[in-house]
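Visitor: Sharing a structure, written as structure tokens. Questions coming.
Throughout, read-outs are computed from the coordinates displayed, never taken from laboratory work. From a predicted model like this one, the values you see are computed outputs, not experimental measurements. Cβ placement follows ideal geometry from the backbone for every residue including glycine, while neighbour counts extend to all protein chains displayed.
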Amino acid sequence: MAKPTTTLTVLRTQKLTPHMVRVFLGGPGFDNFAPSEFSDSYVKIEFETPEGQALRTYTIRSYDSSAREIAIDFVVHGDIGIAGPWAASVEAGAKITIRGPGGAFAPAESADWHLYAGDETAIPAISASVERLSGDAIGYVVVEVGSADDEIAINAPNGVSVKWVHRGASSDAVSAESAGDNSPIVTAVRNLEWLPGNPQVFIHGEAQAVMHNLRAYVRKERGVPAGSASISGYWRRGRTEEGFRVWKSELAAAER
């Protein structure tokens with residue numbers, strides 16, 4: 001079934017870090033947007049390019065019915081890509097069409113503890129999820145970014161520790177020695193003290209680090225069942241979103 005399509009108006013933008021811009025959307029189209037119940041709620045944004053229409057997937061950082069606005073955070077690396085340069089230069093009044101939302105994850109109150117991990121691309125979903133945790137929740141948030149300049153405040157309960165891991169360069173410029181299998185977040189998550197009880201795990205980010213390393217660690221070594229583990233790649237180094245979708249399809253077919 002096709003997702004609903006909504007045209008929204010850019011209200012304003014906010015530069016959060018040297019590599020992340022928040023875009024606020026609203027206008028008359030806001031009434032046609034129905035939020036989902038998931039904290040990893042995402043939409044596909046339509047961009048017109050010289051080659052034709054391109055779709056890019058982004059998480060809804062927040063939905064504010066009182067202010068009548070939606071916020072979406074974009075990772076920006078200069079003029080690389082399609083969505084990032086748009087977010088960095090777009091002005092209030094511009095129109096953008098989105099499809100969705102979709103989603104599949106929300107914090108489970110039944111979990112004994114929680115583990116959230118990812119890179120810059122996962123910050124919106126991690127932040128939105130952590131904000132839904134109960135005040136007595138315990139667990140970890142581990143986020144890999146280029147440097148301290150890329151850190152963003154995450155509003156976690158007192159019992160949920162937030163750890164930032166620095167790879168030493170932005171995700172588009174990092175060397176192979178600090179990416180993929182060698183991503184610092186892999187070691188950081190493996191070094192966490194594994195708490196007693198049944199956890200709920202949310203790990204998303206670069207596919208090589210997440211799907212070829214952390215997924216195996218969580219699912220096989222730690223024995224977390226599939227129903228309690230949302231672990232997948234949001235992107236893959238060296239591939240466009242279109243190429244990444246093909247890669248994910250091929251991987252799923254191979255695993256079957």
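Visitor: Please report, to two decimal places, log10 I(q)/I(0) for the stretch 75-121 at q = 0.22, 0.29, 0.32 Å⁻¹ as given by the Debye formula with identical point scatterers on the Cα atoms and no solvent.
Guide: Here log10 of I(q) over I(0) equals -0.96, -1.14, -1.17.
Visitor: Would you kindly state how much longer the chain becomes between residue 134 and residue 92 on full extension, computed as 0.36 nm times their sequence separation minus their alpha carbon distance, in nm to one decimal?
Guide: Fully extending the segment from residue 134 to residue 92 adds 11.5 nm.
Visitor: Quick one: length gained pulling residue 77 to residue 7 fully straight, 0.36 nm per residue minus the C-alpha distance?
Guide: Result: 22.6 nm gained on full extension.
Visitor: Which number gives the lysine pairs in the chain that have C-alpha atoms under 27 Å apart and are eight or more places apart or on different chains?
Guide: 10
Visitor: Take the Cα pairs of the stretch 124-235, get the Kirkwood Rh, then feed it into Stokes-Einstein at 10 °C and 1.306 mPa s and tell me D in µm²/s.
Guide: 108
Visitor: Using a Gaussian network for the chain with springs between C-alpha atoms less than 10 Å apart, which of these wobbles most: 213, 191, 155?
Guide: Highest fluctuation of the listed residues: 191.
Visitor: Within the stretch 219-237, which residues have the backbone N less than 20 Å from the label spot 7 Å out from residue 175 along Cα→beta-carbon, could you tell me?
Guide: Hits in the stretch 219-237 for residue 175 at 20 Å: 237.
Visitor: Also: How much of the calculated P(r) for the stretch 1-152 lies past 18 Å, in percent of all Cα pairs?
Guide: 60
Visitor: On C-alpha positions alone, give me the angle between the axis of helix 241-255 and the longest principal axis of the chain, in degrees, nearest 10.
Guide: Its long axis makes an angle of about 40 degrees.
Visitor: Tell me, what is the FRET efficiency for residue 163 and residue 109 to the nearest 0.05, using R0 = 25 angstrom and their Cβ-Cβ distance as r?
Guide: Approximately 0.60, to the nearest 0.05.
Visitor: Of 192, 25, 115, which has the largest mean-square fluctuation in a 10 Å C-alpha GNM of the chain?
Guide: 192
Visitor: Let me ask something additional. Select from 203, 126, 138 the residue whose mean-square fluctuation is largest in a Gaussian network model of the chain (Cα-Cα springs shorter than 10 Å).
Guide: Evaluated over the chain, the most mobile residue of the options is 138.
Visitor: If you don't mind, another one. Binned at 10 Å from 0, what are the whole-percent values of the Cα-Cα distance distribution for the stretch 6-82, short to long?
Guide: Pairs per bin, as whole percents: 17, 50, 30, 4.
Visitor: Could you compute Rg(Cα) / (2.2 N^0.38 Å) for the stretch 72-193, with N its residue count?
Guide: Working it through for the stretch 72-193, the quotient is 1.19.
Visitor: Related question: If you build the Cα gyration tensor of the chain and take the root of 5 times each eigenvalue, what three semi-axes come out, in whole angstrom, biggest first?
Guide: Equivalent ellipsoid semi-axes, largest first: 28, 21, 18 Å.
Visitor: Another question about this same structure. What is the ratio of the Cα radius of gyration of the stretch 126-167 to 2.2 N^0.38 Å, where N is its residue count, to two decimals?
Guide: 1.17
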